[in-house]
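The values are calculated or read from the model by the stated rules, or taken from the named source; none is laboratory data. For clarity, every value in this text was computed on a predicted model and none was experimentally measured. Glycine gets a Cβ as well: all are built from the backbone with ideal geometry, and neighbour counts include every protein chain shown. Note: areas computed on protein heavy atoms with side chains; ligands, DNA, RNA excluded. Shrake-Rupley method; radii C 1.70, N 1.55, O 1.52, S 1.80 Å.
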Amino acid sequence: MRINSAENPAWHFLYPAMRRFLHDHPDVNIEVIIDNNMVDMVTEGFDFGVRPINHVAQDMVALQLSGERPMAVVASDDYFSRFGLPTSPQELTRHRCIVPAFDAFSRITAWEFIQEGQLIRVTVPASLSFNNTTMVKQAALDGLGIAWIPRYAVEAEIHQGLLTEILHEQRFTYPPMALYYPRNRHRTLAAQTLIHYLRPESQALAGAP
């Protein structure tokens, strides 16, 4: 099976189910291609894709993999002690910000917030940029700047006191992630079984994130 997925959901939602699936079905081969850009999964020969549920085409079957996805603005206490603590989204423009990039030309510098009930976008400086969100998180842990990242990706570090979340009252929340696949394509028994493992109720029973 070939699966195309953005990086964060691949690690936090897809891989825990795959790990259990392959433990129980070691004869199945799976190829996962991490790509934060949207692709035509049929043309590219993928059996499944993982993307935000609101981005899935209507002619696809979508299986919700997660709940809604709140974002978090985080940095280390060392960074805040050296550069100060922003008290509003607008103050982020005066800070060192670590931004993710889809590719060499698309950096996510427009960070979204809810302020007084309205969606606002603050364009932050790309002081440091990676096309890998694991490195975005590591740079934040190392005190190199402030990151805007899905909260599920940094929840453990927040609880451990390694990162501090700020501006949580203005936090923006995105729709759930989904596994999607063509409605009329024949699915093998292995594919149908993987779908079962990816269902939220199956992951909850297994204690997956």
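Worth a mention:
- Within the range 62-91, residues that are touching a residue at least 60 places away in the same chain (Cβ under 8 Å) and open to solvent by 10 Å² or more (accessible area, probe 1.4 Å) sit with their Cβ atoms under 7 Å from residues that are charged (D, E, K, R) and not in a helix (DSSP H, G or I), at 6+ positions apart or across chains, in these pairs: LEU63/ARG199; PRO70/ARG171; MET71/ARG171.
- Qualifying residue in the range 49-68 (condition: modelled with pLDDT of 85 or more, within 18 Å of THR188 (Cα to Cα), out of contact with any Cys (no Cβ under 8 Å at 6 or more places or on another chain) and not in a strand (DSSP E or B)): no
- All positions within the range 18-51 that are out of contact with any strand residue (DSSP E or B) (no Cβ under 6 Å at 6 or more places or on another chain), surrounded by 17 or more Cβ atoms within 10 Å (Cβ to Cβ) and within 17 Å of ALA153 (Cβ to Cβ): ARG51
- Scanning the range 1-59 for residues that are in contact with a Leu (Cβ under 8 Å, 6 or more places away or on another chain) and among the hydroxyl-bearing types (Ser, Thr, Tyr) turns up just one, SER5.
- All positions within the range 133-149 that are among the aliphatic types (A, V, I, L, M) and touching an Asp or Glu at 6+ places or on another chain (Cβ under 9 Å): ALA140, LEU141
- Residue identified as among the hydroxyl-bearing types (Ser, Thr, Tyr) and closer than 26 Å to HIS168 by Cβ among THR43, THR93: THR93
- Checking ALA10 against (1) open to solvent by less than 30 Å² (accessible area, probe 1.4 Å); (2) outside any strand (DSSP E or B); (3) in contact (Cβ under 8 Å) with a residue 60 or more places away in the chain; (4) among the small types (Gly, Ala, Ser), the condition it does not meet: (3)
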